[in-house]
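Right, one structure below, let's go through it.
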Amino acid sequence: MTEAGRSTATAGRSVGEAYNFAYLDEQTKRMIRRCILKAVAVPGYQVPFGSREMPLPYGWGTGGIQVTASIIGPDDTLKVIDQGADDTTNAVSIRRFFARVAGIETTDRTAEATVIQTRHRIPEHPMREDQILVLQVPKPEPMRYLEPRELECRKIHGFSEYGLMHVQLYEDIAKFGEITTTYDYPVMVNRRHLMSPTPIPKFDNPKMHRFPALQLFGAGREKRIYAIPPYTEVKSLDFDDHPFEVQTWDECCALCGAEDSFLDEVITDDEGGKMFVCSDSHYCGERRAAGHVGPMEGEDAPSFARPADQEADGS
Amino acid sequence: MTEAAPSPLLRVTGLTHRYGEIVACRDISFELFAREVLGVVGESGSGKTTLLNCCSAHLEPTAGRVEYDTRTHGLADVFGLREPERRMLMRTDWGVVHQNPRDGLRMDVTAGGNVAERLIMTGARHYGRVRGEATTWMDRVELELDRVDDPPKTYTGGMQQRLQIARNLVTKPRLVFMDEPTGGLDVSVQARLLDLLRGLVRELGIAAIVVTHDLAVTRLLADRLMVMRRGEVVETGLTDQVLDDPQNPYTQLLVSSVLQV
Ligand SMILES: Nc1ncnc2c1ncn2[C@@H]1O[C@H](COP(=O)(O)OP(=O)(O)OP(=O)(O)O)[C@@H](O)[C@H]1O
Ligand SMILES: [Mg+2]
Ligand SMILES: [Zn+2]
């Protein structure tokens with residue numbers, strides 16, 4: 001948390017608005033920071049917090065925004081990603097919001113950022129101990145589908161009676177022959193708490209394991225914060241005879257040729273033409289700048305709508 | 001002491017439960033031994049379900065004790081156990097077959113998943129073996145195996161009850177609580193289900209408390225009978241004795257009105 005402890009109460013005025021620095025008042029930020037500390041102390045445990053009204057609707061990352069607002073300081077550099085891209089409406093408006101209410105630097109370079117707020121992806125570029133990843137959470141409770149009763153969910157967490165999630169995995173295998181859950185794939189954190197990793201692709205799950213950066217999760221609508229401290233064990237659930245596996249592609253990225261990144265299928269024309277490109281647009285751009293080329297090299301760079309520009313559902 | 005008397009599996013002492021002014025159960029005491037099936041009969045509102053729910057630790061009685069022969073502490077007050085211990089009992093040593101399958105099944109989870117749940121809850125993490133056990137149990141309760149991946153909401157009432165039984169017996173509980181297990185079913189379906197239940201309970205050596213207002217059910221399933229009226233036990237004894245030679249006037253009325261065909 002770069003300089004987050006320093007009093008920043010006056011900083012907001014210097015950017016010419018009637019807001020406190022980073023929009024939230026200092027008391028609210030302290031309350032949220034206390035919740036974050038508790039969340040860090042009990043990895044994967046959902047800490048209730050007094051979620052505030054934000055000038056953005058739920059579904060636009062209000063949980064993540066409040067976490068970011070509470071930890072960010074004037075010297076921080078913020079990157080905002082939405083499904084891997086820095087240039088979607090959602091990412092752009094959150095970045096602008098913080099530039100305006102906190103007057104901080106923003107970037108699209110993973111390595112330059114000190115705080116990265118994200119929806120639906122973990123960056124491909126490795127992160128460091130001095131960085132913080134803030135994930136927007138639409139649905140914090142991984143068992144909600146099978147156990148709608150809130151009190152019962154809390155007891156299951158409290159007594160570590162996890163089994164329900166495996167019933168869900170059983171259902172996948174029984175119906176489809178394999179575990180078909182590809183997003184929001186449940187994990188055990190620190191061998192103790194079952195946690196929803198948010199709707200990131202399961203491709204990103206292994207990154208969470210012993211991740212050097214602090215990972216913070218904010219759910220605005222359901223008023224929950226949880227965390228994975230650096231280097232914590234994070235294990236994706238599976239069966240002994242159906243081990244966890246990440247998605248793979250036959251193709252490489254059409255633009256940069258990457259074979260190790262998460263690929264989005266992109267429609268290129270009206271005739272059903274398509275290609276696969278890195279979902280992490282910064283990673284892809286960085287590789288191309290470094291001279292990597294994909295199979296689409298030489299052709300006119302097609303313009304296309306990124307899938308990330310569709311509906312917003314990260315809270 | 002020369003020879004220790006066998007310890008009961010369940011001991012209920014002075015159990016009373018009130019809902020506000022209503023006394024649903026009053027000063028009930030009994031013991032249940034391993035492999036024993038106890039029938040609880042009585043008219044509607046006599047307190048049968050309340051008693052069963054207190055015994056299965058789903059409802060804390062206003063007064064009295066319910067003790068169970070736990071594997072770790074021996075005979076122990078179930079309401080004195082820590083909650084996780086009590087919940088562990090409920091998914092290992094005990095089973096509950098509800099009158100309404102909706103209360104005992106996950107209607108949107110496949111039949112196989114319903115049976116698999118208790119295995120998974122007790123630590124099974126090998127899909128193939130879990131699946132094998134689940135289908136074995138579907139077969140044992142005479143459910144068609146090609147329905148194993150259908151959700152119970154597509155099952156008939158009789159099939160749902162069979163599935164509840166499989167879901168409970170898969171972890172081989174020592175004690176099963178049943179509330180009107182054949183209630184609401186057609187007579188012919190009832191008869192087959194009772195046959196099946198009797199076979200399984202005897203074969204697995206399970207103890208059970210079976211609540212019913214159908215004396216024919218107790219005749220078939222229960223070793224002993226407890227007759228309830230207005231929250232009190234008015235007569236208790238071996239099933240055949242109570243049904244063939246009832247002592248209490250209320251039991252006499254019950255037997256004569258129900259058993260004559
Ligand atoms: N949750 C409750 N709140 C208030 N009164 C209740 C409640 N449950 C049961 N009672 C009352 O307690 C008494 C015993 O009810 P209980 O359901 O135990 O009887 P029962 O023998 O199971 O009846 P039935 O054969 O109709 O299922 C009845 O007078 C009933 O109205
Ligand atoms: Mg009842
Ligand atoms: Zn690329």
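The set of residues from segment B:241-261 being more than 15 Å from ligand 1 (Cβ to nearest atom), assigned to a helix (DSSP H, G or I) and surrounded by fewer than 16 Cβ atoms within 10 Å (Cβ to Cβ) comprises B:GLN241, B:ASP244, B:PRO249, B:GLN252, B:LEU253, B:SER256, B:SER257, B:LEU259.
Criterion first (of a type outside the set (Gly, Ala, Ser), touching a residue at least 24 places away in the same chain (Cβ under 8 Å) and either away from chain A (no Cβ under 14 Å) or within 16 Å of ligand 1 (Cβ to nearest atom) (or both)) does B:VAL40 satisfy it? The answer is yes for B:VAL40.
Which one of A:CYS252, A:CYS256 is touching a Leu at 6+ places or on another chain (Cβ under 9 Å), modelled with pLDDT of 95 or more and within 11 Å of ligand 3 (Cβ to nearest atom)?
A:CYS252
If we scan segment B:109-119, do we find a residue that is surrounded by fewer than 17 Cβ atoms within 10 Å (Cβ to Cβ) and away from ligand 1 (no atom under 16 Å from the Cβ)? No - not one qualifying residue is present in segment B:109-119. Test A:LEU263 against the criterion of being closer than 23 Å to A:ARG191 by Cα and either at pLDDT 95 or above or aliphatic (A, V, I, L, M) (or both), and give yes or no. Here the answer is no, as A:LEU263 does not meet what is asked.
Against the condition farther than 30 Å from A:GLU53 by Cβ and buried (at least 23 other Cβ atoms within 10 Å of the Cβ), how does A:SER236 come out, does it pass? Here the answer is no, as A:SER236 does not meet what is asked. Of the strands (runs of 3 or more DSSP E) contained entirely in segment A:208-269, those carrying at least 3 residues that are in contact with a strand residue (DSSP E or B) (Cβ under 8 Å, 6 or more places away or on another chain) and closer than 24 Å to A:ILE71 by Cα fall at A:214-219, A:224-228.
Within segment B:201-212, the set of residues being outside any strand (DSSP E or B) and surrounded by 18 or more Cβ atoms within 10 Å (Cβ to Cβ) comprises B:VAL201, B:ILE206, B:THR212.
Scan segment A:270-279 for residues that are within 10 Å of ligand 3 (Cβ to nearest atom) and either in a loop (DSSP other than H, G, I, E, B) or acidic (Asp, Glu) (or both) and jot them down. Before you say what the answer is, go through the steps one by one.
Of segment A:270-279, the ones within 10 Å of ligand 3 (Cβ to nearest atom) are A:276-279.
The one that is within 10 Å of ligand 3 (Cβ to nearest atom) and either in a loop (DSSP other than H, G, I, E, B) or acidic (Asp, Glu) (or both): A:SER279.
Selection of segment B:221-246 for residues being of a type outside the set (A, V, I, L, M) and in contact with a helix residue (DSSP H, G or I) (Cβ under 9 Å, 6 or more places away or on another chain) yields B:ASP223, B:ARG224, B:ARG229, B:GLY231, B:GLU235, B:THR236, B:THR239, B:ASP240, B:ASP244, B:PRO246.
Picking from residues in segment A:59-81 that are modelled with pLDDT under 95 and outside any helix (DSSP H, G or I), the one that is nearest to the chain's Cα centre (by Cα) is A:GLY61.
Among the residues of segment B:36-55, those that are of a type in the set (A, V, I, L, M, F, W, C) and either within 14 Å of ligand 2 (Cβ to nearest atom) or part of a helix (DSSP H, G or I) (or both) comprise B:VAL40, B:VAL41, B:LEU51, B:LEU52, B:CYS54, B:CYS55.
Residue pairs whose Cβ atoms lie under 6 Å apart, sitting 6 or more positions apart in sequence or on different chains, and linking a residue in segment B:139-156 that is under 16 Å from A:VAL167 (Cβ atoms) to a partner that is among the acidic types (Asp, Glu) and part of a loop (DSSP other than H, G, I, E, B), are B:PRO151/B:ASP108. Among the residues of segment B:18-46, the ones that are buried (at least 24 other Cβ atoms within 10 Å of the Cβ), among the small types (Gly, Ala, Ser) and within 15 Å of the chain's Cα centre (by Cα) come to 1 in all.
Within segment B:214-240, the set of residues being within 19 Å of B:PHE33 (Cα to Cα), surrounded by fewer than 18 Cβ atoms within 10 Å (Cβ to Cβ) and over 19 Å from the mean Cα position of the chain (by Cα) comprises B:ASP240 only.
Out of B:MET159, B:MET138, B:MET178, one residue alone is aliphatic (A, V, I, L, M) and within 16 Å of ligand 2 (Cβ to nearest atom). It is B:MET178.
The values are calculated or read from the model by the stated rules, or taken from the named source; none is laboratory data. Small disclaimer: the values here were computed from a predicted structure and weren't measured. Counting neighbours? That spans all protein chains shown, and the Cβs are built from the backbone with ideal geometry, glycine included.
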